[in-house]
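Presented below is the structure to which this report refers.
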Amino acid sequence: QVQLVESGGGLVQAGGSLRLSCAASGGTFSTYAMAWFRQAPGKEREFVAAKSWSGFRTIYADSVKGRFTISRDNAKNTVYLQMNSLKPDDTAVYYCAASKGGTTYYTTQYDYWGQGTQVTVSS
């Protein structure tokens, strides 16, 4: 059983930056694809970014390409999401997720989820 704990959320002005972290425990982190999703009030959870277990494959949602960067440190069992040029539309609860399968956009393919961290971008 893998436990995921996100941190780094907060309140930031539009144009600012935040770095989210997700620490994993209880499993072999280096064998999981890792992803970030987000959910805004009244909306469905949506894909943000994912990185394969090896780090060679990375995918992003079109809405964050060029602004967000996902990275992972298998030695520290941690995945990161660097968020730059933040916009009010980026306001959401951000979730970390782990998949025993491939690197994918689909929430149903992820086996483990964190509790989420709130990101609020003011205009």
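Taken together, the criteria exclude residue 57 from residues that are within 28 Å of residue 13 (Cβ to Cβ) and either touching a residue at least 40 places away in the same chain (Cβ under 8 Å) or among the charged types (D, E, K, R) (or both).
Filtering region 40-58 to residues that are of a type in the set (Val, Ile, Thr) and under 18 Å from residue 113 (Cβ atoms) leaves only 48. Would a scan of region 52-69 turn up a residue that is within 15 Å of residue 24 (Cα to Cα) and in contact with a Lys or Arg (Cβ under 7 Å, 6 or more places away or on another chain)? The answer is no; no qualifying residue exists.
Does residue 42 fit the bill of being touching a strand residue (DSSP E or B) at 6+ places or on another chain (Cβ under 8 Å) and at positive phi? Give the steps one after another, and end with the answer.
Working: touching a strand residue (DSSP E or B) at 6+ places or on another chain (Cβ under 8 Å): no; at positive phi: yes.
Answer is no for this residue.
Residues in region 74-86 include at least one that is over 23 Å from residue 54 (Cβ atoms) and among the hydrophobic types (A, V, I, L, M, F, W, C).
If you go through region 90-110 and keep only what is among the small types (Gly, Ala, Ser) and not in a loop (DSSP other than H, G, I, E, B), you end up with 92, 97, 98, 99.
Tally up the residues in region 64-113 that are of a type in the set (D, E, K, R) and within 13 Å of the chain's Cα centre (by Cα), please.
Restricting attention to region 64-113, the residues satisfying the condition of being of a type in the set (D, E, K, R) are 65, 67, 72-73, 76, 87, 89-90, 100, 111.
Add one more test, that the residue is within 13 Å of the chain's Cα centre (by Cα), and what stays is 72, 90.
Count: 2.
We did not get these values from a lab; they are worked out from the coordinates using the rules stated. Not measured: the values here are computed from a predicted model. Note that we place each Cβ from the backbone using ideal geometry, even for glycine, and neighbour counts take in every protein chain shown.
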